[in-house]
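Contents: one structure, followed by commentary.
The values are calculated or read from the model by the stated rules, or taken from the named source; none is laboratory data. The model shown is predicted, which means the values in this text are computed figures rather than measured ones. FYI the Cβ positions are ideal-geometry reconstructions off the backbone, even for glycines, and counts take in every protein chain you see. With ligands, DNA and RNA removed, areas are computed over all heavy atoms of the protein, side chains included. Shrake-Rupley method; radii C 1.70, N 1.55, O 1.52, S 1.80 Å.
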Amino acid sequence: MDMHVSYIMEEFITAEVNSYDAIIDSNGEPIFETGNVTPNSVMDIVNNNDNSIYYIDKALDIVTDSDNKKLLSSVYQFAHVIYRECNRIEEAKDFLRLSIEANGDSLATSLYNLNLAELYLETEEQDSTKKYTHKLINEIDNIKDMTFLASSYGFLSEYYSSLNINDSAL
């Protein structure tokens with residue numbers, strides 16, 4: 001009886017974990033398959049009391065094949081949030097730009113300007129932060145959603161505080 005078991009110690013995994021699962025038919029062909037991407041290891045999530053975030057890789061393939069631009073924009077917007085939460089800012093920017101391209105809704109420009117301004121402030125890209133902040137300021141009087149308006153003013157306060165312009169932050 002062979003008692004040898006092969007395994008890897010999770011604490012040595014320092015990258016995202018990609019897994020693949022499939023249901024195979026009698027001919028050995030996959031009839032259902034999926035791939036999960038987990039940006040943080042389970043051990044890190046437990047040790048850091050962090051959130052468990054994962055996404056299903058195939059979902060993007062299904063959505064990108066769709067003609068529904070609103071759906072595509074929403075999925076890209078969601079992917080932007082996931083990548084941003086995982087501190088993968090460049091990917092977050094890419095998905096936000098894809099969402100903007102897919103969404104022809106001019107009413108959403110304030111949301112995009114806020115998200116882009118926040119991303120650029122996080123990465124200390126001052127010129128881009130200033131550009132999208134000014135766009136947000138120009139549109140702020142047209143924002144009807146009170147929660148979004150409060151988020152916008154919260155960002156503006158943070159932005160002006162970061163520049164030590166405290167009278168504008170009030």
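Annotations for the structure displayed:
- Within the option set Asp57, Asp94, being modelled with pLDDT under 75 and either open to solvent by 20 Å² or more (accessible area, probe 1.4 Å) or of a type in the set (Ser, Thr, Tyr) (or both) holds for one residue only, Asp57.
- Inside segment 68-86, residues that are open to solvent by 60 Å² or more (accessible area, probe 1.4 Å) and more than 18 Å from Ala117 (Cβ to Cβ) make up a count of 6.
- Residue match in segment 151-164 (condition: of a type in the set (A, V, I, L, M, F, W, C), over 28 Å from Asp50 (Cα atoms), open to solvent by 60 Å² or more (accessible area, probe 1.4 Å) and not in a helix (DSSP H, G or I)): yes
- Considering residues of segment 131-150 that are of a type in the set (Asp, Glu) and either open to solvent by 90 Å² or more (accessible area, probe 1.4 Å) or within 13 Å of Leu114 (Cα to Cα) (or both) only, the residue farthest from the chain's Cα centre (by Cα): Asp141
Residue by residue, here is whether (1) more than 27 Å from Thr38 (Cα to Cα); (2) at pLDDT 85 or above; (3) part of a helix (DSSP H, G or I); (4) of a type in the set (Ser, Thr, Tyr) holds:
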| site | (1), (2), (3), (4) |
| --- | --- |
| Glu90 | no, yes, yes, no |
| Leu98 | no, yes, yes, no |
| Tyr112 | no, yes, yes, yes |
| Asn115 | no, yes, yes, no |
| Leu121 | no, yes, yes, no |
| Lys130 | yes, yes, yes, no |
| His134 | yes, yes, yes, no |
| Glu139 | yes, yes, yes, no |
